[in-house]
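Here's the structure, in C-alpha cells; my notes come after.
The values are calculated or read from the model by the stated rules, or taken from the named source; none is laboratory data. Worth saying up front: this structure is predicted, and the values here are computed from it rather than measured. Every residue, glycine as well, gets a Cβ built from its backbone with ideal geometry; the counts of neighbours run over all protein chains shown.
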Amino acid sequence: MGKTADLLSPPEILGLSPSGADRLLDDLERAVPVHPPLARIAGGPDREAVVFGDTHGDWRSTAEVVNRFGAGGEGRFLIGLGDYVDRSPTDCPGGSVANALFLLQWAAHDPSRVVLLQGNHETVRRIAAYPQTLPDEVDELWGPEADRYDRLLALLERGPIAATSANGAYFAHAGFPRALAAPDWASSFESASDDLLAEVVWAECDASRSRRGGSAPWGAADLDTFLRATNLTVFLRGHDPDVTGRSLYGDRCLTLQTTRIYERFGGVIVARVPLGHPLLSIRDLEVEHLSTEGRSFDD
C-alpha cells in the first residue's frame, strides 16, 4: 500500500470516483492480510496494545485513534474489537464506508501491528445483523454495484474473530466459547461453527440490559470457567454500550465503545494494555477518553 502519507483520509475516500473506489479495493485485496480465526499478540518489554471498541462509522473518532496511537513502531499494536460499520453519526455521512476503508488501509500498511477483529456487523453473511446501512452507503457513493459491497465485506472478514496476548488478555467483540476442551481449546476456533461464532460476536454479558437474542448471555461463572481453562486473566470486549467503561466480574472484564453514538453510556474510550508483564486484572490497563467525546462537527 505504500507509505503512510499515501493513505487516504476518510474525506478523501468519500470523494473517490467509482473507478477510484475500485482501484482502492484492488490495492486492499492485494495487501490486507488474512488472519487465522484466533490471532496471537506478541508480548515484550515496552510493548503495548491500544484497543478500541465499536466505532460504527464514526470515522472522526477512528481518525483520532490512528492519529494519536498509530505511531509507535513495532512496540505498539492497534486492536479493533469489531463493528466498524452501520449506525454512523449524522456528521459522518457515508461513515461506514469511510471508516471501514480507512481502517483496512492501516491494516494493509502495517499488517504486523494492526488487528481488526470481526464483530456481529462484520459477520452478517453468516448471521444477520440489523440495522445494515453499509450496502446503501456503498450504492449512494458509487452506484448500485453489488460487487463493491461484497468486496468490502470480504476484506473485513479477513480479520480474526478473537485474539489473545502472551501476557493474559483475551480480545473479542462480545463473548467466548462456552464448551472448551483444555488444553486444545484454541482449535475450536479453526472451524468455528455458527453457534461458536454467535457466542463470540453476539453474546451479551448478564450485567448488560441488552438482550438481542443472538446467543445466551454469559456471567461471572462462565467467564471464570473460560479464563481458568485458557490460562488467561482479563477480557476486553465491545458490543454492550450500557456497560461501557465499567470494570466487571472482579476486575476481569472491560467493555469499550469508541463511537459518539454511544458516548452517553461511558464516553468515547480506548484502553492501553501493557504487553511486557503478566496482566493480573483490568486495573493493569489504562483507559483514555478521546477528544471527539461530546463534540459534533459541521464540515
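Failed condition for LEU236, given (1) closer than 30 Å to TRP106 by Cβ; (2) outside any strand (DSSP E or B), with all others met?
(2)
Anything in segment 114-159 that is hydrophobic (A, V, I, L, M, F, W, C), outside any strand (DSSP E or B) and within 14 Å of HIS35 (Cβ to Cβ)? List them, or say none.
LEU117, ALA154, LEU155, LEU156
Can you pull out the residues in segment 207-245 that are touching a Gly at 6+ places or on another chain (Cβ under 8 Å) and surrounded by fewer than 16 Cβ atoms within 10 Å (Cβ to Cβ)?
Those that are touching a Gly at 6+ places or on another chain (Cβ under 8 Å) and surrounded by fewer than 16 Cβ atoms within 10 Å (Cβ to Cβ): ALA220, ASN231.
On the basis of being free of Cβ contacts under 8 Å to residues at least 12 places away in the same chain, out of contact with any His (no Cβ under 9 Å at 6 or more places or on another chain) and not acidic (Asp, Glu), does SER19 make the cut?
Against the criterion (free of Cβ contacts under 8 Å to residues at least 12 places away in the same chain, out of contact with any His (no Cβ under 9 Å at 6 or more places or on another chain) and not acidic (Asp, Glu)), SER19 qualifies.
Filter segment 169-193 down to the residues that are modelled with pLDDT of 95 or more and surrounded by fewer than 21 Cβ atoms within 10 Å (Cβ to Cβ) and list them by number.
Result: no residue meets the conditions.
Of these, ASP54, ASP86, which one is more than 21 Å from ARG272 (Cβ to Cβ), modelled with pLDDT of 95 or more, charged (D, E, K, R) and buried (at least 18 other Cβ atoms within 10 Å of the Cβ)?
Residue meeting the stated conditions: ASP86.
Under 7 Å between Cβ atoms, at least 6 apart or on separate chains: pull out the pairs that start in segment 62-79 with a residue that is at negative phi and touching a residue at least 12 places away in the same chain (Cβ under 8 Å) and end on any residue that is among the hydroxyl-bearing types (Ser, Thr, Tyr) and crowded, with 19+ Cβ neighbours inside 10 Å.
Every condition considered, the pairs that remain are THR62/THR55; GLU64/THR292; VAL65/THR258.
Just wondering, is there one or more residues in segment 192-206 that are aromatic (Phe, Trp, Tyr), in contact (Cβ under 8 Å) with a residue 12 or more places away in the chain and within 26 Å of HIS277 (Cα to Cα)?
No, segment 192-206 has no match at all.
Every residue in segment 70-111 that is assigned to a loop (DSSP other than H, G, I, E, B), within 16 Å of the chain's Cα centre (by Cα) and closer than 21 Å to GLY238 by Cβ, please.
Selection gives GLY70, LEU81, GLY82, ASP83, TYR84, VAL85, ASP86, ARG87, SER88.
Can you tell me which residue is surrounded by the most Cβ atoms within 10 Å (Cβ to Cβ) among those in segment 29-46 that are at pLDDT 95 or above and more than 18 Å from the chain's Cα centre (by Cα)?
Of everything passing the filter in segment 29-46, ALA31 is surrounded by the most Cβ atoms within 10 Å (Cβ to Cβ).
Just checking, which of ILE261, ILE269 is closer than 21 Å to GLY95 by Cβ, surrounded by fewer than 23 Cβ atoms within 10 Å (Cβ to Cβ), at pLDDT 95 or above and under 14 Å from the mean Cα position of the chain (by Cα)?
ILE269 is the lone residue from the list that is closer than 21 Å to GLY95 by Cβ, surrounded by fewer than 23 Cβ atoms within 10 Å (Cβ to Cβ), at pLDDT 95 or above and under 14 Å from the mean Cα position of the chain (by Cα).
When segment 246-272 is examined, which residues are found to be in contact with an Asp or Glu (Cβ under 6 Å, 6 or more places away or on another chain) and not acidic (Asp, Glu)?
THR255, GLN257, THR259, ARG260, PHE265, GLY267, VAL268, VAL270, ARG272
From the list ALA163, ALA182, exactly one residue is within 15 Å of the chain's Cα centre (by Cα) and touching a residue at least 12 places away in the same chain (Cβ under 8 Å). Which is it?
Being within 15 Å of the chain's Cα centre (by Cα) and touching a residue at least 12 places away in the same chain (Cβ under 8 Å) holds for just one of ALA163, ALA182, which is ALA163.
State whether the residues of segment 258-267 include one that is of a type in the set (D, E, K, R) and closer than 26 Å to THR225 by Cα.
No, the conditions are met nowhere in segment 258-267.
Hey, ARG60 hits all of (1) out of contact with any helix residue (DSSP H, G or I) (no Cβ under 6 Å at 6 or more places or on another chain); (2) farther than 17 Å from GLU263 by Cβ but one; which does it fall short on?
Failed condition: (2).
Take segment 19-43 and flag every residue that is outside any loop (DSSP other than H, G, I, E, B) and among the hydrophobic types (A, V, I, L, M, F, W, C).
Correct list: ALA21, LEU24, LEU25, LEU28, ALA31, LEU38, ALA39, ILE41.
If the requirement is being out of contact with any strand residue (DSSP E or B) (no Cβ under 7 Å at 6 or more places or on another chain) and either closer than 19 Å to ALA162 by Cα or surrounded by fewer than 19 Cβ atoms within 10 Å (Cβ to Cβ) (or both), which of these qualifies: VAL114, VAL124?
VAL124
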